[in-house]
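The values are calculated or read from the model by the stated rules, or taken from the named source; none is laboratory data. All values reported here derive from a predicted model rather than from experimental measurement. Counting neighbours? That spans all protein chains shown, and the Cβs are built from the backbone with ideal geometry, glycine included. Side chains are part of the model used for accessible areas, which takes the heavy atoms of the whole protein and leaves out ligands, DNA and RNA. Shrake-Rupley method; radii C 1.70, N 1.55, O 1.52, S 1.80 Å.
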Amino acid sequence: MPNVEEVARLRVSITGATEAQIQRLEEQINALEEQMLKKVTAEGNSTTGTYRPFGLDCSGFADWVFYNISGGSYILGHGGGAHAQHIYCTPITWAEAQPGDLVFYPGDTHVGIVGGWDESGNIQIIHCSGSHNNVVITGKAGFATIGRPMYYSS
């Protein structure tokens, strides 16, 4: 099972990677997704500030992921919710998507993380769904914009 630091290191070095390296990264991200598909308890979340005994909200989950992949040194959006997370991203096209990029609903009302692609080549998004009260993997439906977190350029 990969650790989050290894996945982050591979994600940062994907430019110029060989097909084998990209395949290894996708395998590691898939393994990491399995680890993350568990409920996380939080004292509050950055979008609503409410206590969620069975999990984080979407922006809290994204903050949690980046906090962990950075060894605790980086808070995506600095705790300000999905809109603040979007501000700390460079706009990219869907064709440029890579695992670890962020995707947003219109008006920044929801945020998810690109996790990879399914067998049919459809993008897969990891996000904390309030309606499911858990971390889920879904397709692109509902997500309108995509950005690359500045974390990867630092």
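Applying the condition of being of a type in the set (A, V, I, L, M) and out of contact with any Leu (no Cβ under 9 Å at 6 or more places or on another chain) to the range 112-128 and asking which residue is most open to solvent (accessible area, probe 1.4 Å) yields ILE123.
Conditions tested, residue by residue: (1) part of a helix (DSSP H, G or I); (2) more than 27 Å from ARG24 (Cα to Cα); (3) among the polar types (S, T, N, Q).
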| site | (1), (2), (3) |
| --- | --- |
| TYR67 | yes, no, no |
| GLY77 | yes, yes, no |
| GLN85 | yes, yes, yes |
| GLY100 | no, no, no |
| GLY121 | no, no, no |
| HIS127 | no, no, no |
| TYR152 | yes, no, no |
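When ASP101 is tested against (1) in contact (Cβ under 8 Å) with a residue 40 or more places away in the chain; (2) within 14 Å of PHE61 (Cβ to Cβ), only condition (2) is not met.
Taking the residues in the range 129-150 that are open to solvent by less than 80 Å² (accessible area, probe 1.4 Å) and part of a loop (DSSP other than H, G, I, E, B) as candidates, determine which candidate is modelled with the lowest pLDDT.
Initial filter on the range 129-150 (open to solvent by less than 80 Å² (accessible area, probe 1.4 Å)): 129-130, 133-139, 142-149.
This time we only want the ones that are part of a loop (DSSP other than H, G, I, E, B), so: 130, 133, 139, 142-144.
Details: GLY130: 70, ASN133: 60, GLY139: 93, GLY142: 94, PHE143: 97, ALA144: 97.
Selected residue: ASN133.
Would you say THR109 is open to solvent by 70 Å² or more (accessible area, probe 1.4 Å), among the polar types (S, T, N, Q) and either more than 13 Å from the chain's Cα centre (by Cα) or more than 19 Å from SER70 (Cβ to Cβ) (or both)? So THR109 passes the test.
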